[in-house]
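In what follows, a single structure is set out as structure tokens and then discussed.
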Amino acid sequence: LNKEPNEPNRFGWIVEIDPFDPTSTPKKRTALGRCKHECATTALAADGRCVVYMGDDQRDEHVYKFVSHGRFDAAQPRANMDLLDEGQLYAAQFQENGAGRWLQITLEAANAAAEREESPIRFADEADLLVRVRDAARFLGATPMDRPEDIEAVCDANWRGLGPVLIVCTNNAERGFEHPGNPRRESEQ
């Protein structure tokens with residue numbers, strides 16, 4: 001850290017490889033945010049946009065969704081190569097009744113939420129927001145989870161999402177209380 005104070009911020013990014021081209025250069029997908037990603041599962045929205053579901057595999061972290069601005073074109077695979085460069089990032093908020101919603105993570109919303117909580121933290125720009133996406137999700141009210149490890153979208157044969165998304169959580173032995181939307185925990189005897 002003395003040599004490079006930014007060193008910790010270099011880790012925790014999704015990197016995409018092209019399995020059909022072994023000579024391709026891996027691409028860091030900054031727009032998907034920085035956290036302790038355990039998975040990145042893709043599906044297509046009904047309108048053809050690419051959706052990536054991600055879990056932050058650490059105690060009391062969050063579930064994320066990224067929706068591309070561009071649309072997938074099956075007839076032109078090369079045109080799809082940069083779909084994950086631009087889009088909207090969301091964090092999940094679950095309610096006690098099982099309902100949920102996606103909280104849009106934007107610079108304006110995150111800074112306004114931090115200000116409401118009287119936190120000294122502010123996000124300088126979009127890059128800063130994506131580096132500290134965990135803080136933004138927390139300020140916006142995303143549900144703390146028990147290490148969301150894997151997320152799978154239920155899809156049809158053409159990878160179009162059918163609506164349900166399954167989330168697998170590893171554990172959180174340190175959580176001694178229930179969170180709305182993440183309430184079940186085996187009691188310890």
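The values are calculated or read from the model by the stated rules, or taken from the named source; none is laboratory data. Here the structure is a predicted model, which is why all the values come from computation and not from measurement. Using ideal geometry, Cβ is built from the backbone for each residue, glycine included, and neighbour counts are taken over all protein chains shown. Quick note on the areas: whole protein, heavy atoms, side chains included, nothing else; ligands and nucleic acids left out. Shrake-Rupley method; radii C 1.70, N 1.55, O 1.52, S 1.80 Å.
Out of everything in segment 141-154 that is open to solvent by 40 Å² or more (accessible area, probe 1.4 Å), touching a Ser or Thr at 6+ places or on another chain (Cβ under 9 Å) and assigned to a strand (DSSP E or B), what residue ends up being nearest to Asp57 (Cα to Cα)? It would help to see each step written out before you state the result.
Step one: list which residues in segment 141-154 are open to solvent by 40 Å² or more (accessible area, probe 1.4 Å), which gives 147, 149-150, 152, 154.
Subset that is touching a Ser or Thr at 6+ places or on another chain (Cβ under 9 Å): 147, 149-150, 152.
Now drop any that are not assigned to a strand (DSSP E or B), which leaves 149-150, 152.
Numbers: Glu149: 5, Asp150: 9, Glu152: 15 Å.
Ranking the qualifying residues of segment 141-154, first place goes to Glu149.
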Note to self: When the residues of segment 97-112 are narrowed to those that are at pLDDT 95 or above and not in a strand (DSSP E or B), which ends up nearest to Cys50 (Cα to Cα)?
What the structure shows: Ile105
Note to self: Quick check on segment 125-132. Is at least one of its residues assigned to a loop (DSSP other than H, G, I, E, B), open to solvent by less than 30 Å² (accessible area, probe 1.4 Å) and aliphatic (A, V, I, L, M)?
What the structure shows: no
Next item on the list: Given the conditions (1) within 21 Å of Ala153 (Cβ to Cβ); (2) modelled with pLDDT under 95; (3) in contact with a strand residue (DSSP E or B) (Cβ under 8 Å, 6 or more places away or on another chain), report the number of the one that Pro77 does not fulfil.
Entry: (3)
Notebook entry, point to check: For segment 118-167, what are the residues that are within 18 Å of Gln93 (Cα to Cα) and acidic (Asp, Glu)?
Noted result: Asp135, Asp146, Glu149, Asp150, Glu152
Next item on the list: Give the number of residues within segment 42-71 that are free of Cβ contacts under 8 Å to residues at least 40 places away in the same chain, touching a helix residue (DSSP H, G or I) at 6+ places or on another chain (Cβ under 7 Å) and not polar (S, T, N, Q).
Entry: 4
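Filter segment 2-55 down to the residues that are hydroxyl-bearing (Ser, Thr, Tyr) and within 14 Å of Val133 (Cα to Cα) and list them by number. It would help to see each step written out before you state the result.
Restricting attention to segment 2-55, the residues satisfying the condition of being hydroxyl-bearing (Ser, Thr, Tyr) are 23-25, 30, 41-42, 53.
Selection gives Thr30 alone.
Might you check whether a residue that is in contact with a helix residue (DSSP H, G or I) (Cβ under 9 Å, 6 or more places away or on another chain) and among the hydroxyl-bearing types (Ser, Thr, Tyr) occurs anywhere in segment 13-31? Can you show your working first?
Step one: list which residues in segment 13-31 are in contact with a helix residue (DSSP H, G or I) (Cβ under 9 Å, 6 or more places away or on another chain), which gives 13-14, 16, 20, 27, 29-31.
If we keep only those that are among the hydroxyl-bearing types (Ser, Thr, Tyr) too, we end up with 30.
Checking segment 13-31: at least one residue is in contact with a helix residue (DSSP H, G or I) (Cβ under 9 Å, 6 or more places away or on another chain) and among the hydroxyl-bearing types (Ser, Thr, Tyr).
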Check: Which ones in segment 43-52 are open to solvent by 70 Å² or more (accessible area, probe 1.4 Å) and within 27 Å of Phe139 (Cβ to Cβ)?
Finding: Arg49
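Scanning segment 17-35 for residues that are exposed (fewer than 15 other Cβ atoms within 10 Å of the Cβ) and charged (D, E, K, R), which turns out farthest from the chain's Cα centre (by Cα)? First the steps, then the outcome.
We begin by selecting, within segment 17-35, every residue exposed (fewer than 15 other Cβ atoms within 10 Å of the Cβ); these are 17-26, 28.
The next check asks that each one be charged (D, E, K, R); those that pass are 18, 21, 28.
Numbers: Asp18: 21, Asp21: 26, Lys28: 15 Å.
The residue in question is Asp21.
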